[in-house]
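What follows is a single structure, written as structure tokens, with notes after it.
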Amino acid sequence: MAQFNYKAIDRNGKPKKGTIDAADRDKAMEKLKNEGLSMTELKDAGESRSTPGILKKKVKSRDLSILCKQMVSILNAGVTVITALDMLSEQLDNKTLQTALIESKTYVEKGGSLSDSFRLNPNVFPPIMINMVAAGEASGNLETSFDRLSTHFEKDDALKGKIKGAMTYPIIVMVVAVAVVILVMVAVIPSFTEMFDDMGVQLPLATRIMVSASKFVKSKWYILLGIIFLIVVAVRAFKASPAGDMFFSKLAINMPVFSDLTIKSNSARFARTLSTLMAAGIPMLDAIEQVAKMMNNRIFREGLMNTKTQVAKGLPLSKPLKDMEVFPTMLVQMVKIGEETGNIEDMMEKVADLYDREVDLATESLTAAMEPITMVIMAGIVGMIVAAVYGPILSMYSGLDNM
């Protein structure tokens, strides 16, 4: 018997992890399915200890898009799946993806299906890819599945790029602001300290705080770094907890300026993924579950798992989506029209294209809104420094004029 470490999602959509004993990986997967768990990661316990995940290069949506495009070209040329996996494993630069493809090739050579071979590396191949490939194998249209996956991953990568682009500007400005403050504390304030001491007068509170802060940064900078490190660790630990995950999810939806981008980007991802899965012939309930698992925001994730439950009871998809009160009214109405016309996957594709454009506008609005905010922050920092440094000097000159 071997031991396997697993991560899975239970019937209520809650994450679960642990260790399971089984004769092999297939038996372990079967046991987890019998327990009502949807596996997201399954690793040999010995392998997990010997190969730390931190050493593995992450597989991005762009890597998967390129893989799917190449798979379409190779399969359309009449090449077998095994040969295709062998060719791609030699061409790809991403070592993690390359290793996963080699494992898949070995599995398929033993008589397994391509989709099941992808399940061996759930940290590399996302659920949507596994399910789409399984649907393609069942229908005999594997090339079509990979073609749709290529488009999906390409759009998903573009969406992530827009979000990162929107966040880059404020982050850079804040880093520059912190760097300026540290530079002033270390290089500027000390040059004024001796002059302040020679004045022999009571310095303003702002100046005394600035001088004390400067001395602390110069002499005990390691304590400051330790405090920053502890704050980062504490925030990350809190964010990883259920309460922290919910807190930051609510913050992302309700925070001024950022909320519009959060809602529209999640709407685009929901519509695009649902359209891709349903167009491949995957049942709606399974498609909704897979979409829920892809959502980074817990409110959307839990809301969609509840939506799946409601749809299973016979309610139309548009009703629980409306009850979630997070998706835009336009999206809910388009879903309702798709239900009435019986063509929900095409309607969702149009919705996804619409919200892709909306994300562009939201990104531009966010950048435009952050510019004056960051300027005000920088002006406030500079103003405090100027007041602290030059306040005593101006007071001294004022006193001399009155003599």
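A compact table of results
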read-out	value
Residue within segment 158-174 that is outside any helix (DSSP H, G or I) and open to solvent by less than 40 Å² (accessible area, probe 1.4 Å) present	no
Residue in segment 293-312 that is over 22 Å from Ala138 (Cβ atoms), in contact with a Leu (Cβ under 7 Å, 6 or more places away or on another chain) and at pLDDT below 90 present	yes
Which listed residue is within 29 Å of Met370 (Cα to Cα), modelled with pLDDT of 80 or more, among the small types (Gly, Ala, Ser) and part of a helix (DSSP H, G or I), from Ala177, Ala234, Ala206	Ala234
Inter-residue pairs, beta-carbon under 6 Å, first surrounded by 14 or more Cβ atoms within 10 Å (Cβ to Cβ) and in segment 380-395, second in a helix (DSSP H, G or I) and at pLDDT 75 or above, 6+ apart	Ile381/Ala177; Ile385/Val184; Ala388/Met210
Members of segment 313-345 that are more than 14 Å from Met284 (Cβ to Cβ) and open to solvent by 70 Å² or more (accessible area, probe 1.4 Å)	Lys322, Asp323, Glu325, Thr329, Met330, Gln333, Lys336, Ile337, Glu340, Thr341
Segment 294-312, residues that are open to solvent by 20 Å² or more (accessible area, probe 1.4 Å) and under 30 Å from Ala240 (Cβ atoms)	Met294, Asn296, Arg298, Ile299, Arg301, Glu302, Asn306, Lys308, Thr309, Gln310
Any helices (runs of 4 or more DSSP H) falling wholly within segment 1-120 and containing at least 1 residues that are of a type in the set (Ser, Thr, Tyr) and at pLDDT 85 or above	61-76, 81-91, 95-109, 114-118
Residue count for segment 109-137, restricted to those that are more than 22 Å from Leu32 (Cα to Cα) and touching a residue at least 12 places away in the same chain (Cβ under 8 Å)	3
Count - residues of segment 280-293 that are out of contact with any Phe, Trp or Tyr (no Cβ under 8 Å at 6 or more places or on another chain), part of a helix (DSSP H, G or I) and crowded, with 20+ Cβ neighbours inside 10 Å	4
Single condition Leu277 does not satisfy, out of (1) at pLDDT 90 or above; (2) surrounded by 15 or more Cβ atoms within 10 Å (Cβ to Cβ)	(1)
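Yes/no matrix, rows are residues, columns are (1) open to solvent by less than 50 Å² (accessible area, probe 1.4 Å); (2) polar (S, T, N, Q):
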{"site": "Ile128", "(1), (2)": "yes, no"}
{"site": "Ser150", "(1), (2)": "yes, yes"}
{"site": "Asp156", "(1), (2)": "yes, no"}
{"site": "Val180", "(1), (2)": "no, no"}
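The values are calculated or read from the model by the stated rules, or taken from the named source; none is laboratory data. Just so it is clear, the model here is predicted, and its values are computed rather than measured. Methodologically, a virtual Cβ is constructed for each residue, glycine included, from the backbone with ideal geometry; neighbour enumeration extends over all protein chains shown. What goes into the accessible areas is simple: the full protein's heavy atoms, side chains included, and nothing from ligands, DNA or RNA. Shrake-Rupley method; radii C 1.70, N 1.55, O 1.52, S 1.80 Å.
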